[in-house]
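Chemist: One structure coming up, written as structure tokens, with questions to follow.
The values are calculated or read from the model by the stated rules, or taken from the named source; none is laboratory data. Computed from a predicted structure; not experimentally measured. Ideal geometry is used to build each Cβ from the backbone, glycine not excepted, and the neighbour counts take in all protein chains shown.
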Number of protein chains: 2
Amino acid sequence: MQGVLTGLRVIELSAFVAAPLGGAVMAAMGADVIRVDPLGGGIDARRWPVHEGRSLYWEGLNLDLRSERGQELAARLAADAGTVLTNLPARGPLEYERLRERRPDLVMLSITGRADGGAAVDYTVNAGIGFPWITGPEGHEGPVNHVLPAWDVATGHLAVAGVLAADRHRLLTGEGRLVRLSLADVALVVASHLGLLMEAQLVEQPRARFGNHVYGTFGRDFRTRDGRYVMVLALTPRQMRSLAEATGLPEGLIEADLSDEGERWRHRQELCDLVEPWIAERSLSEVRDAFERHQVLWGPYLTFKELLETDAQAWRPPATALDFGDAERAAALPAPSLGADTTQVLQEIGEDVEALRAAGVVP
Amino acid sequence: MQGVLTGLRVIELSAFVAAPLGGAVMAAMGADVIRVDPLGGGIDARRWPVHEGRSLYWEGLNLDLRSERGQELAARLAADAGTVLTNLPARGPLEYERLRERRPDLVMLSITGRADGGAAVDYTVNAGIGFPWITGPEGHEGPVNHVLPAWDVATGHLAVAGVLAADRHRLLTGEGRLVRLSLADVALVVASHLGLLMEAQLVEQPRARFGNHVYGTFGRDFRTRDGRYVMVLALTPRQMRSLAEATGLPEGLIEADLSDEGERWRHRQELCDLVEPWIAERSLSEVRDAFERHQVLWGPYLTFKELLETDAQAWRPPATALDFGDAERAAALPAPSLGADTTQVLQEIGEDVEALRAAGVVP
């Protein structure tokens, strides 16, 4: 595949979501990413969803990673490539210090659950970061989890940034390095960026659970006459005017300056009580017409099935959301089947694949 | 600030979350990121949360971006820096084609709501991508939004990867480029990576809303005797054995091979019925002891306040989750106040700041 990262080879030792996602993001930009899996597949080889007998996770090279010879082979591949992305414990010849002996400018990015190496996954990290207590319907008792593994997704993307930042430093100085990244730290830093930690530190009663209201401004879901749902927002004064015009809100009805987002938040219930019947009396199509005419900030709720109905190509989107302006953007491809690249990649570094096969190191 | 990106200067023209987050991530790696805001601040200058009169978003340079002279000045800064990150419409001399006349190897990454330039924000994108129908309590009617702006977060991180990938290409070939990225595409590609789009395409009845159950394996929240909640998972056969040992699950009670994750999913209710009373009879501290002894994959639910109580330093985490092994990791700093860098940055490119001030171009 062509792309801006052509020429960068990355060895991926991974399972589940964060590191495979990072690998897929780099591959979609043209990097030559080779996931090395143990014989029979990694611990995620049968992770749902599996379709047509094939995991959706990236798989390429198949080695007996439990044997010394298999580990040695993987280390040779890593040293040859010069760049490693992993979210598995590095053992034996695959430890950073030992790889660096073979390849002094190695860049290795290692993802863990917690920074201290403790076990954690997206779901346990999310439990510990506060969001389940402010997500979900008002009045609901107990935590509500995201279904989107948002910390895995953020970590996978940030891992790519980390690899490329370290690679940039290597290109300019010749120095490699080990980069560590934990899911727990990603969640903590993102919560900090979003202001939630400082809020919890400074405010006696930090924000509660507000259902689908968008905190600190105006935004919520509404139901149309034909039983569809729409998300409607007014993040800016202009968007507030658009919404007022589209739905015919009476001027001066609410004794507040709705150009101020804090006022929109404080008066959210009155605003909802005005917008709600207007939407409830109209079909999605009528709401769409009025909202588009007035440039209201809104969007319909769609199930995954409905999304595919609105766009028949949506189920096979581009391989990456980044559009580098290349004439043709590569479509997402299914991951290679387990071991598909084994023979070719090992031959490239001069290995006798038949001998390895006879020794049971490769299948 | 020192860091792997030292020497990279980025001009940021931005508002709200995705681009400012990307800028903050690069700044935390040592890049010199300068957010250029219009006089009086951007449209997010008063966006909540605001504490001690200061937005948590990144602000540095303050210009009259509505005037021709202010736009010209911003364009000079952008051409001088060579790298631009934006999620605002580029107008006049700040358009990519015009900037490229001044700086042929410019790298510019432009974030939009939709790829066609249509208005969309995290909340409308999320409405359209299916997750609100599978998030939230079982039996709940209507969509349930994430409170975490997960698409903004993913997009901000991916934007950094995009800038660094284009910069890598520039370092190796001398060529710059415009990189486009939309929130809607990020959501679509992530849903594709996670297998949800293919599932919706291939399966008659795609997954429903399963509350806090982790789809396709075993994982859910449970309540302890002292009213706390814990997230408990068994993603692997080993973790299933750990959970069985810790909670004393009777062998052979469930007529299924629980080493298979599909079986754990199908028997999730029976498993929950066994685990639930065991946890309900114990305090969080007793659960913790048993789970840690048996290496169960679990985590306590914490509110943002409780998180800070467990770790007094948590409210001021490192500036980035990426640990490049530097002796000391920089702590997150508050964003500079609006216009804090105006004089210094303009003097660096040889501007007469007093004259600009007299003309009303800078405050």
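Chemist: Does B:V160 satisfy being within 10 Å of chain A (Cβ to nearest Cβ), outside any helix (DSSP H, G or I) and either in contact with a strand residue (DSSP E or B) (Cβ under 7 Å, 6 or more places away or on another chain) or over 25 Å from A:V144 (Cα atoms) (or both)?
Modeler: No: the conditions fail for B:V160.
Chemist: Also: Among B:A75, B:A79, which is the only one that is without any contact (Cβ under 8 Å) to a residue 40 or more places away in the chain, more than 14 Å from every other protein chain (Cβ to nearest Cβ) and under 30 Å from A:L8 (Cβ atoms)?
Modeler: B:A79
Chemist: If you don't mind, another one. From the residues in region A:6-27 that are buried (at least 24 other Cβ atoms within 10 Å of the Cβ) and among the small types (G, A, S), which one is nearest to the other protein chains (Cβ to nearest Cβ)?
Modeler: The selected residue is A:A24.
Chemist: Does B:L88 qualify as being closer than 27 Å to B:L148 by Cα and either in a loop (DSSP other than H, G, I, E, B) or over 28 Å from the mean Cα position of the chain (by Cα) (or both)?
Modeler: yes
Chemist: Could you check region A:173-183 and list, in sequence order, the residues that are more than 9 Å from every other protein chain (Cβ to nearest Cβ) and touching a strand residue (DSSP E or B) at 6+ places or on another chain (Cβ under 8 Å)?
Modeler: A:G176, the sole residue that qualifies.
Chemist: Which of the residues belonging to region B:167-190 are part of a helix (DSSP H, G or I) and in contact with a Phe, Trp or Tyr (Cβ under 7 Å, 6 or more places away or on another chain)?
Modeler: Once the filter is applied, which keeps residues that are part of a helix (DSSP H, G or I) and in contact with a Phe, Trp or Tyr (Cβ under 7 Å, 6 or more places away or on another chain), region B:167-190 yields B:L183, B:V186, B:A187.
Chemist: For region A:290-312, which positions are of a type in the set (K, R) and within 10 Å of another protein chain (Cβ to nearest Cβ)?
Modeler: Of everything in region A:290-312, just one residue is of a type in the set (K, R) and within 10 Å of another protein chain (Cβ to nearest Cβ), namely A:K305.
Chemist: Quick check, is A:R207 away from chain B (no Cβ under 12 Å), in contact (Cβ under 8 Å) with a residue 12 or more places away in the chain, surrounded by fewer than 21 Cβ atoms within 10 Å (Cβ to Cβ) and touching a Phe, Trp or Tyr at 6+ places or on another chain (Cβ under 8 Å)?
Modeler: Here the answer is no, as A:R207 does not meet what is asked.
Chemist: Yes or no: B:L109 surrounded by 20 or more Cβ atoms within 10 Å (Cβ to Cβ) and more than 12 Å from chain A (Cβ to nearest Cβ)?
Modeler: Judged against the criteria, B:L109 is not a match.
Chemist: Filter region A:313-336 down to residues that are among the small types (G, A, S), at pLDDT below 75 and over 19 Å from A:G22 (Cβ atoms) and give me whichever is farthest from the chain's Cα centre (by Cα).
Modeler: The selected residue is A:A327.
Chemist: Can we say A:R100 is in contact (Cβ under 8 Å) with a residue 40 or more places away in the chain, basic (K, R) and within 30 Å of B:Y215 (Cβ to Cβ)?
Modeler: no
Chemist: Another question, then. Give the residue that is modelled with the highest pLDDT, with candidates limited to residues of region B:30-77 that are closer than 24 Å to B:S182 by Cβ and assigned to a loop (DSSP other than H, G, I, E, B).
Modeler: Across region B:30-77, the extreme among qualifying residues is B:A31.
Chemist: Take A:P149 and decide whether it is in contact with a helix residue (DSSP H, G or I) (Cβ under 7 Å, 6 or more places away or on another chain), without any contact (Cβ under 8 Å) to a residue 24 or more places away in the chain and surrounded by 24 or more Cβ atoms within 10 Å (Cβ to Cβ).
Modeler: no
Chemist: Now a separate question. Select from region B:184-198 the residues that are under 15 Å from the mean Cα position of the chain (by Cα) and over 12 Å from A:D323 (Cα atoms) and write down the one among them that is nearest to the other protein chains (Cβ to nearest Cβ).
Modeler: Checked region B:184-198; the qualifying residue nearest to the other protein chains (Cβ to nearest Cβ) is B:V190.
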